[in-house]
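The values are calculated or read from the model by the stated rules, or taken from the named source; none is laboratory data. What you are looking at is a predicted structure, and each value in this text was computed from that prediction instead of being measured. Every residue, glycine as well, gets a Cβ built from its backbone with ideal geometry; the counts of neighbours run over all protein chains shown. Heads up: the accessible areas ignore ligands, DNA and RNA and are worked out on the full protein's heavy atoms, side chains in. Shrake-Rupley method; radii C 1.70, N 1.55, O 1.52, S 1.80 Å.
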Amino acid sequence: MHAVGRWETPATEALRVREGFDLAAFDRRSTPGWSGDKTTAKAALAEQGDRLSELQEKLFAHGRSGGDRSVLLVLQGMDTAGKGGIVRHVIGTVDPQGVALRSFGVPTPEEREHHYLWRIREALPRPGYIGVFDRSHYEDVLVVKVEQLVPADEVERRYDEIRSFEDEVVASGTRVVKVALMVSLDEQAQRLRERLERPDKHWKYNPGDIDARERWPLYQEAYQVALERTATDTAPWYVVPADRKWYARLAVGALLLDALQGLDLDWPEADVDVAAELRRLEASHPEG
Ligand code: AMP
Ligand code: MG
């Protein structure tokens, strides 16, 4: 065991959105629940990766043997909040074979012809998989609300619709973990500057990021409302401070680990007569 660096309060407790949650007062450099520093977090992250990897394999095996469980990690956050880093450093610790990753951008002409949840349903993880949404149906009450892409009463209707949709997803066997990565305005400026100053980061830069930044208060308000209206017992929201990347990664890993552990899966029983197969193996003569 590590003497330093541990969860004093589990991430699921420390980060969960509850009644009265106030995003405006949320410290984006804080490290809720974690007692250690960056160095201990990195060690913990590696250890966590091993555990995630084993549980993911169990989930995959469960799916292969007819089980119906899956996990869906929803990642939301403003540009530069670190969604991509979570995918690379947290999801990256498990076998890519068992991951179904989907990024949601501006709807394509085909997507636009359907209900906004259509593309989301299509992307839900099949049994045995960890689904990861890099942005999600929440864009339909965030950017869509801020940019007034649909009438206000339609946005208003969507919160309830999303709640019932998620209830349905959970009832079908999927554990839903919703994560909002919250970066500060200052840290975002630094990260955007880096994207402009470093040739290896230019590809990440999008002029639209500044437009969204200009509407920061409106986005924060839209997040506050979305969190309040859609944090449920079946599909909870966790708000993760994202100014320290090491913390955000450790925290999201811990949330994912909790979800996988919560499935309480065992290795599936062999569907063959193991002893008989062993005898066949011993008796086999491939050399002919
Ligand atoms: P990125 O994730 O940085 O590749 O950017 C994707 C962009 O697509 C972001 O600016 C999102 O706000 C935008 N986007 C995602 N979903 C929607 C949606 N339903 N309607 C409009 N814009 C969206
Ligand atoms: Mg972007």
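Here is how the numbers come out for the structure above:
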item: Counted residues, the range 120-168 - those being of a type in the set (A, V, I, L, M) and more than 19 Å from LEU227 (Cβ to Cβ); result: 6
item: Enumeration of residues in the range 102-126 that are within 16 Å of VAL179 (Cα to Cα) and buried (at least 16 other Cβ atoms within 10 Å of the Cβ); result: ARG102, PHE104
item: First in the range 194-209 and among the acidic types (Asp, Glu) and in a helix (DSSP H, G or I), second anywhere and at pLDDT 95 or above and open to solvent by less than 90 Å² (accessible area, probe 1.4 Å), Cβ under 7 Å, 6 or more apart; result: GLU194/LYS201; ASP209/ASP79; ASP209/LEU192
item: Enumeration of residues in the range 21-53 that are in a helix (DSSP H, G or I) and more than 13 Å from TRP246 (Cβ to Cβ); result: LEU23, ALA24, ALA25, GLU47, GLY49, ASP50, ARG51, LEU52, SER53
item: Flag for HIS89 being more than 16 Å from ligand 2 (Cβ to nearest atom), closer than 24 Å to LEU185 by Cα, of a type outside the set (Lys, Arg) and open to solvent by 30 Å² or more (accessible area, probe 1.4 Å); result: yes
item: Enumeration of residues in the range 54-101 that are more than 23 Å from ALA212 (Cβ to Cβ), under 17 Å from the mean Cα position of the chain (by Cα), among the charged types (D, E, K, R) and assigned to a helix (DSSP H, G or I); result: none
item: Of all residues in the range 1-20 being assigned to a loop (DSSP other than H, G, I, E, B), aliphatic (A, V, I, L, M) and at pLDDT 95 or above, the one that is surrounded by the fewest Cβ atoms within 10 Å (Cβ to Cβ); result: VAL17
item: Which listed residue, of GLU147, GLU166, is under 21 Å from ASP79 (Cα atoms) and of a type in the set (Asp, Glu); result: GLU147
item: Scan of the range 103-149 for residues that are within 11 Å of ligand 1 (Cβ to nearest atom) and among the charged types (D, E, K, R), ordered by number; result: GLU111, ARG112, ARG119, ASP134, ARG135, GLU139, ASP140, LYS145, GLU147
item: Test: VAL183 is away from ligand 1 (no atom under 14 Å from the Cβ), under 17 Å from the mean Cα position of the chain (by Cα) and not acidic (Asp, Glu); result: no
